[in-house]
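Just so you know, all these numbers are worked out from the coordinates, no wet-lab data involved. Here the structure is a predicted model, which means the values were calculated and not measured. Note that we place each Cβ from the backbone using ideal geometry, even for glycine, and neighbour counts take in every protein chain shown.
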């Protein structure tokens, strides 16, 4: 079987989180204080320094800068700033809502937003990129909140080619991956503004930012049906995956994401996928710092995490879920560990965790199900992709793995499918399961010039 205005560019935004009941690697509706508020220090302006004006925030026509935002704020489409939101204010929304302003142009981030704490917004800054916690306007209409139906992944600071050391969140209570002796871990690094948007980076002691070795990189996602928030189901549980990737010469980025767990920190679909795509871009932007080979970027996951890995590698800009490959980062291969590929199918089968992740009361439910289904994005040029699943799995339908393989094969893609004899959902048993799965995964990667 084969297998982004004035001084700087803008940040990217994401939009709303899915599967596998198992954790340990064998395996939200966001809230917020801001919202959508059209205003700021300035208003919508179409002029420069001349022309009839209504003041600092009014509508201003004509001027020296062509069609541009004049005064202290406004929306600017030409002149000195080009197509940009200039001035100190602009069109803001809430304590960090949607903003096209700031001294440096179109910004994303802040502590409010279209739907959640620290959604889209920010004052921008001299460079035009607002980091988490921009100022925005002072009110606005909230469109999200805990349990809302329009989660937004927020945004992280622009760090393309960054050599600035990431900073861990000392207040996070999420468990940190434990790779064991010989390896270093940087735990609970924020990749976005939400509590669950944290990740761990692991590498050999002689590698990473202080090392001289360049390694392939893998970003991975735990399972738990996009719903399970027990510690045993979160990122620290992925040892059976990250230990093997470390052994095979990878630097590992292990990601936490928002779950549909009914808590204030959770979110329903498509939040998990938005988070996964945002994390994939974060890792890409920090690869130079960590000495990771950008031509050998792999994505993997277990169960629900497998679906997220598939989306990281397969989703296109049409998905409107966040950054995608190869436009914003480039995935070299996908290793799907028994993850579902068709959420529509899961809902039709009334699979409980899928229903919790995407409840029947969700507006546009069918469209969202299609949006987060990897099969929607089948095409010839997807990265090389292998699915490995137990041949006795009764949690994720094996028929979905077969369907994905068949569709990819028909499209002429580089793909493979391997069923592990005697294994159920995960590779804990029988004793031969993990050796079989490991050999299959890494033989596939080595055949594509990745890992060892």
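In what sequence, highest mean first, do 421-432, 231-242 appear when ranked by Cβ atoms within 10 angstrom? Spell out each step's value before the answer.
Details: 421-432: 17.7, 231-242: 22.7.
Descending mean neighbour count gives 231-242, 421-432.
Using the count of nearby Cβ atoms within 10 Å as a rough guide to exposure, how do 401, 361 rank from fewest to most?
On the way: 401 24, 361 8.
Ordered from fewest to most neighbouring Cβ atoms within 10 Å, 401, 361 come out as 361, 401.
Pull out a ≥ b ≥ c, the square roots of the eigenvalues of the alpha-carbon gyration tensor of segment 183-447, then state rounded if a/c is under 1.5, prolate if not and a/b is larger than b/c, and oblate in the remaining case.
On the way: a/c = 1.38, a/b = 1.19, b/c = 1.16.
Here segment 183-447 falls in the rounded category.
Determine, for each peptide in 180-189, 325-334, the mean count of other beta carbons within 10 angstrom over its residues, then list the peptides with the highest first. Mind dumping the intermediate values first?
On the way: 180-189: 16.1, 325-334: 19.4.
Averaged packing, sorted descending, gives the order 325-334, 180-189.
I need 257, 377 ordered by Cβ neighbour count within 10 Å, fewest first. If you can, show how the numbers build up before the last one.
Details: 257 32, 377 18.
Lowest count first: 377, 257.
How do the peptides 411-417, 266-272 rank, highest first, by the average count of neighbouring beta carbon atoms within 10 Å per residue? Walk me through the intermediate numbers first.
Working: 411-417: 18.7, 266-272: 31.4.
Packing proxy ranking, top to bottom: 266-272, 411-417.
Rank these for me by crowding, 226, 282, going from fewest to most other beta carbons within 10 Å.
282, 226
Quick one: grab the alpha carbon gyration tensor of segment 350-452, order the square roots of its eigenvalues as a ≥ b ≥ c, and give me rounded if a/c is under 1.5, else prolate or oblate depending on whether a/b is larger than b/c.
Oblate, since a/c reaches 1.5 and b/c is not below a/b.
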